[in-house]
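Structure first, then comments.
The values are calculated or read from the model by the stated rules, or taken from the named source; none is laboratory data. Bear in mind that the values here come from a model prediction, so they are computed numbers and not experimental data. Virtual Cβ from ideal backbone geometry, glycine too; neighbours counted across all protein chains shown. Note: accessible area is taken over every heavy atom of the protein model, side chains too, but ligands, DNA and RNA are not part of it. Shrake-Rupley method; radii C 1.70, N 1.55, O 1.52, S 1.80 Å.
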Amino acid sequence: MRARYGIPLGITAAGAAGLVYAAGFEARSFRLRRVTIPVLPAGMRPLRVLQVSDIHLVSGQRKKQRWLRSLAGLRPDLVINTGDNLSDPEGVPEVLDALGPLMEFPGAYVFGSNDYYGPKLRNPARYLIEKAQGRHGLNGNDPAANVIHNPWEDLRDGFDGAGWRNLTNTRDTLKIEGVTVELTGLDDPHIKRDRYAEVAGGPSDAADFSMGVVHAPYLRALDSFTADGYPLVLAGHTHGGQLCIPFYGALVTNCDLDTDRVKGLSTHTSGGRTSYLHVSAGCGTNRYTPVRIACPPEATLMTLVGRE
């Protein structure tokens, strides 16, 4: 009897321990990554850009809020928020409180699908099925039905009131210690809200440096930014794969980006040009899958330096 039941019980115990680790420790083990990117014109002083993404805040997540507030101690030159701040319709006040110290610095943002719509319970295996079928988000799937509408307007008003620039299918510029930084953003391609034709044309000659910003790194968005000559594109959305296999990596990206570039710094080539691409693994999870495996939550401090 002991041999008959010992192995199944051992597997069950190991699985339970894994879930406790993934939800209780790793999903709350916040990290700061640092990366240097040579994209500025030669001779320009370095710029320190903090990227936060995929917060997916649920009311009561005090540790996450404290960690986000602590990032202001880095004193970045610029903060870029690449969307999916919410995983709770009641979470807007706590998002604004958590990001309050960071909103003292120049910043800009785009929204993701979870800013507009509340999360739904999904079988994680569906991500693998959709990847095999080439379907992601509303790109090939039926439109969302019976979804919760989040109060994204309140989130927008809070960011705008603090002076952060709304990059929803638009361009904007910031002056940072005499340097003109141009930001070109798209609304979320995951739900087909991106309108690149409204911002096409490439970097302005009047800007010292230009970069693209988008929530979900769909190839059509990356192709457009790169072909237009943006040296750097920032994105989030992927959660770094979220449930990764140790020593192997991510299984899915939840978009049509390949898993080799699911997080961190890489490059993208289109139209005979090559851009740097940085994809943040984000610092949260969907409230219905509050686990991470081999993919801790993160924010990234990028030091932009002159091209060699």
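Some values worked out for this structure:
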| quantity | calculated |
| --- | --- |
| Local electrostatic count at D205 - Lys and Arg +1, Asp and Glu -1, tallied over other residues with Cβ under 14 Å | -2 |
| Within segment 33-141, percent of DSSP bridges classed antiparallel, to nearest 5 | 10 |
| Order of exposure, largest accessible area first, which applies to H268, H149 with probe 1.4 Å | H149, H268 |
| DSSP beta bridge pairing in the chain, given as percent antiparallel to the nearest 5 | 40 |
| Along the chain, longest interval not containing exposed trypsin sites (Lys or Arg not before Pro), exposed being DSSP loop plus at most 14 other Cβ atoms within 10 Å | 1-119 |
| Links that overshoot a 28 Å alpha carbon limit, given the list K64/K175; K64/K131; K120/K263; K63/K192; K63/K175 | K64/K175; K64/K131; K63/K192; K63/K175 |
| Cα centre as origin, Lys/Arg/Asp/Glu Cβ charges: the chain dipole, Debye | 1340 |
| Net charge of neighbours whose Cβ lies under 15 Å from the Cβ of D97, counting Lys and Arg as +1 and Asp and Glu as -1 | -1 |
| Carbon/sulfur fraction of accessible area - segment 32-306, other protein chains in place, 1.4 Å, % | 51 |
| Residue-normalised accessible area of segment 130-197, given per residue in Å² at a 1.4 Å probe | 50 |
| Cβ-based net charge around R48, under 14 Å, with every Lys or Arg adding one and every Asp or Glu removing one | +2 |
